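Data block below; observations after.
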Amino acid sequence: MKKIILILTLFISLSNISYSDNHYPITRDSELMIARGKFAYQNNCASCHQVNLFGAENWKGVDKDGHRKAPPLNGTGHTWHHDDETLHKIIKYGLVGIISDYEGKMDGFKDNLNDKDIDSVLAYIKSFWPDDYYQHQINLSK
């Protein structure tokens, strides 16, 4: 019995480790995932990217501190130009964590969101995109 528990524990541990490396593309096929993503988005992302995903007003400009403003995530910005791995890393580590000389406000959410939460946020965001943008981005992520 102990061997079975040990094997199951090892299997579960390894599956969690490999999860973040090979789970792309992230689709918008699951209503449950989108609902989970909406909840996580509203609690972590909406304060900058807005509840409606429209981004900050005049988002192509800079704020009073000289930092770039939060872009829209609803398909009217450039989010769909990036593959899932890049988007996942931006949410998890922030631009601060992946671009060495980045001076901005996009911090990572690794302390608030696990990998599945991040994927759910991405599924939610993708649910706003037009089909052609969505298909383009899915192809980037394969």
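Among the listed pairs LYS64/LYS126; LYS60/LYS142; LYS105/LYS142; LYS60/LYS105, which have their C-alpha atoms separated by more than 24 angstrom in this model? Show your work: numbers first, answer last.
Values: LYS64/LYS126 30 Å; LYS60/LYS142 29 Å; LYS105/LYS142 29 Å; LYS60/LYS105 15 Å.
Long pairs (Cα-Cα over 24 Å): LYS64/LYS126; LYS60/LYS142; LYS105/LYS142.
Taking every pair of distinct Cα atoms and averaging 1/r, then inverting, what Kirkwood hydrodynamic radius in Å comes out for region 2-141? Intermediate values should be presented prior to the final figure.
Working: mean 1/r = 0.0623 Å⁻¹.
Final number for the Kirkwood radius of region 2-141 is 16.1 Å.
Computed from the coordinates by the stated procedures, all read-outs in this text should not be read as laboratory data. The shown structure was predicted, so the numbers you read here are calculated from the model rather than taken from an experiment.
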